[in-house]
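One structure is given below, encoded as structure tokens.
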Amino acid sequence: MAIADEPTEAPDSTAVRVALWRAMHVQVDPPPHVLEDEIGLRLADPDDDWHHRPDMDPNATSGFRAAIVARARFIEELVAEQAADGVVQYVVLGAGLDTFAQRRPEIASRIAVFEVDQPGPQSWKRQRLIELGYGIPDWLRLVPVDFEASESWWDQLAAAGFDPDRPAVVVSTGVTMYLTKEATAATLRQLAGLAPGSTLAMTFLLPPQLLDDADSTGLRASEKGARASGTPFISFYTPREMLTMAGEAGFEAPRHVPGTVLAERYFADRTDGLRPSSGEDLLVATIPTLQPDAAPTDRAEQSSGA
């Protein structure tokens, strides 16, 4: 059940849409599936006619659906790789209806998973996980942060048991477009202080003028829909701008991973024509691990990426 003094609030339409698109990939696209996730659908528990929503049109939204599962697959592989290398903390900023902990317990149970989100939607999710029988295991930490009240997510994370002196994977997907560039820069500065061996993966939206006509039209339609639902897109970034911002924050070897790379990795051999729309890329950066005899000034020479 939800914590008594913590009111529940259904997740916003964007989080629900992402969960439904992930389920649609399993239900309408032929195998092999890039990601299999119908747990988010169970959590959201939409009306029976959810398939008929305009934003669920299987043809018109196929590119968005593919892009969503591609980025989720990339993140999941990154977390699995880092866990195999001994990283034992995974932080999801703006977790929404993320279901990694429920879908991949063989990995999640060996690490501490921290889901950071607004108190209301997170209390709602806690209640739904319990109702569906998943529960909240000890290794899953739901970290409520009231961003509107300017609560420090870093302080709340530490209070939930996060150890800043141990390496972690920190992920932020589908968030930066809703924040000011100043807020994202502040987040990057905070994350640049993670322990050596930590890895950050953060998505960002490209300006529409960098896209071809079809994807630019789709992005503008998404922007219009987001504005109508009360969650307008605020910030867009060129890859150079995002890399510069990460460098100024203190990351020594930030990398740009284009969405086209994910398209080739996960969709190249498909015969059904399913391909991700372009418009969302990733920033990936790893805090270098110091060698025992290396001085702090040598860290730039030891940098690596995911």
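The values are calculated or read from the model by the stated rules, or taken from the named source; none is laboratory data. Because the structure is predicted, anything quoted here is derived from the model rather than measured. Glycine gets a Cβ as well: all are built from the backbone with ideal geometry, and neighbour counts include every protein chain shown.
Sort out which residues of the stretch 224-247 are of a type in the set (D, E, K, R) and surrounded by fewer than 13 Cβ atoms within 10 Å (Cβ to Cβ), and write them in order of number. Step through it out loud before you land on a result.
In the first step, residues of the stretch 224-247 are kept if they are of a type in the set (D, E, K, R); the result is 224, 227, 240-241.
Within the stretch 224-247, LYS224, ARG227, ARG240 qualify.
For (1) closer than 29 Å to THR231 by Cα; (2) of a type in the set (D, E, K, R); (3) touching a Phe, Trp or Tyr at 6+ places or on another chain (Cβ under 8 Å), each residue gets a yes or a no:
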{"site": "ARG65", "(1), (2), (3)": "yes, yes, yes"}
{"site": "ARG71", "(1), (2), (3)": "yes, yes, no"}
{"site": "ALA84", "(1), (2), (3)": "no, no, no"}
{"site": "VAL92", "(1), (2), (3)": "yes, no, yes"}
{"site": "ALA95", "(1), (2), (3)": "yes, no, no"}
{"site": "TRP124", "(1), (2), (3)": "yes, no, no"}
{"site": "TRP139", "(1), (2), (3)": "no, no, no"}
{"site": "PHE147", "(1), (2), (3)": "yes, no, yes"}
{"site": "LEU157", "(1), (2), (3)": "yes, no, yes"}
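Of the residues in the stretch 79-116, how many are surrounded by 19 or more Cβ atoms within 10 Å (Cβ to Cβ) and either among the polar types (S, T, N, Q) or within 23 Å of GLU280 (Cα to Cα) (or both)?
So the answer is 17.
Just checking, how many residues over the stretch 240-257 are closer than 14 Å to ALA70 by Cα and either of a type in the set (Phe, Trp, Tyr) or touching a Ser or Thr at 6+ places or on another chain (Cβ under 8 Å) (or both)? Even if it seems obvious, please write down each step before you answer.
We begin by selecting, within the stretch 240-257, every residue closer than 14 Å to ALA70 by Cα; these are 257.
Next, only the ones that are either of a type in the set (Phe, Trp, Tyr) or touching a Ser or Thr at 6+ places or on another chain (Cβ under 8 Å) (or both) stay: none.
Number of matching residues: 0.
May I ask you to list the residues in the stretch 242-285 that are closer than 23 Å to GLY197 by Cβ, part of a helix (DSSP H, G or I) and touching a residue at least 60 places away in the same chain (Cβ under 8 Å)?
First pass over the stretch 242-285, keeping only residues closer than 23 Å to GLY197 by Cβ: 242-243, 245-257, 282-285.
Okay, now just the ones that are also part of a helix (DSSP H, G or I), so 242-243, 245-249.
The answer is MET245, GLU248, ALA249.
Please count how many residues of the stretch 128-171 are among the small types (Gly, Ala, Ser), without any contact (Cβ under 8 Å) to a residue 12 or more places away in the chain and either part of a loop (DSSP other than H, G, I, E, B) or closer than 18 Å to ASP98 by Cα (or both).
Adding up the residues that qualify gives 4.
Just one of the numbered conditions (1) of a type in the set (A, V, I, L, M); (2) crowded, with 16+ Cβ neighbours inside 10 Å; (3) within 20 Å of LEU188 (Cβ to Cβ) is not true of ALA158; which one?
Among (1) of a type in the set (A, V, I, L, M); (2) crowded, with 16+ Cβ neighbours inside 10 Å; (3) within 20 Å of LEU188 (Cβ to Cβ), ALA158 violates only (2).
In the stretch 49-61, what residues are under 18 Å from PRO11 (Cα atoms) and either outside any helix (DSSP H, G or I) or touching a residue at least 60 places away in the same chain (Cβ under 8 Å) (or both)? Don't jump to the end; show me each part of the working.
Residues of the stretch 49-61 that are under 18 Å from PRO11 (Cα atoms), as a first pass: 50, 53, 55-56.
Correct list: ARG53, ASP55.
Determine if the stretch 120-140 includes at least one residue that is modelled with pLDDT of 95 or more, basic (Lys, Arg) and in contact with a Gly (Cβ under 8 Å, 6 or more places away or on another chain).
no
For every residue, the table says whether it meets (1) touching a residue at least 60 places away in the same chain (Cβ under 8 Å); (2) outside any loop (DSSP other than H, G, I, E, B); (3) charged (D, E, K, R).
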position	(1), (2), (3)
PRO30	yes, no, no
GLU36	yes, no, yes
LEU41	no, yes, no
ALA66	yes, yes, no
GLU76	no, yes, yes
ILE107	no, yes, no
SER123	yes, yes, no
ARG126	yes, yes, yes
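Among the residues in the stretch 182-202, are any more than 19 Å from the chain's Cα centre (by Cα), assigned to a helix (DSSP H, G or I) and within 29 Å of GLU151 (Cα to Cα)?
Initial filter on the stretch 182-202 (more than 19 Å from the chain's Cα centre (by Cα)): 182, 193, 195-197.
Still in the running and assigned to a helix (DSSP H, G or I): 182.
Okay, now just the ones that are also within 29 Å of GLU151 (Cα to Cα), so 182.
Yes, the stretch 182-202 contains at least one residue that is more than 19 Å from the chain's Cα centre (by Cα), assigned to a helix (DSSP H, G or I) and within 29 Å of GLU151 (Cα to Cα).
Test ILE107 against the stated conditions and say whether it is out of contact with any Phe, Trp or Tyr (no Cβ under 6 Å at 6 or more places or on another chain), β-branched (Val, Ile, Thr) and closer than 24 Å to PRO258 by Cα.
Details: out of contact with any Phe, Trp or Tyr (no Cβ under 6 Å at 6 or more places or on another chain): yes; β-branched (Val, Ile, Thr): yes; closer than 24 Å to PRO258 by Cα: no.
Spelling it out, it is not the case that ILE107 is out of contact with any Phe, Trp or Tyr (no Cβ under 6 Å at 6 or more places or on another chain), β-branched (Val, Ile, Thr) and closer than 24 Å to PRO258 by Cα.
State yes or no: is PRO46 without any contact (Cβ under 8 Å) to a residue 12 or more places away in the chain and either over 14 Å from the mean Cα position of the chain (by Cα) or closer than 30 Å to PRO164 by Cβ (or both)?
Values: without any contact (Cβ under 8 Å) to a residue 12 or more places away in the chain: no; either over 14 Å from the mean Cα position of the chain (by Cα) or closer than 30 Å to PRO164 by Cβ (or both): yes.
For PRO46, the condition - without any contact (Cβ under 8 Å) to a residue 12 or more places away in the chain and either over 14 Å from the mean Cα position of the chain (by Cα) or closer than 30 Å to PRO164 by Cβ (or both) - is not met.
Name the residue, out of SER150, SER172, that is among the hydroxyl-bearing types (Ser, Thr, Tyr) and touching a strand residue (DSSP E or B) at 6+ places or on another chain (Cβ under 8 Å). Break it down stepwise before answering.
Details: SER150 fails: touching a strand residue (DSSP E or B) at 6+ places or on another chain (Cβ under 8 Å).
Step by step, each of SER150, SER172 is checked, and only SER172 is among the hydroxyl-bearing types (Ser, Thr, Tyr) and touching a strand residue (DSSP E or B) at 6+ places or on another chain (Cβ under 8 Å).
Identify the residue in the stretch 20-54 that is surrounded by fewer than 14 Cβ atoms within 10 Å (Cβ to Cβ) and of a type in the set (Asp, Glu) and, among all such residues, is farthest from LEU129 (Cα to Cα).
Per the criteria, the residue is ASP49.
Considering (1) over 28 Å from ALA249 (Cα atoms); (2) in a helix (DSSP H, G or I), say which one LEU97 fails and leave the rest.
So the condition that LEU97 fails would be (2).
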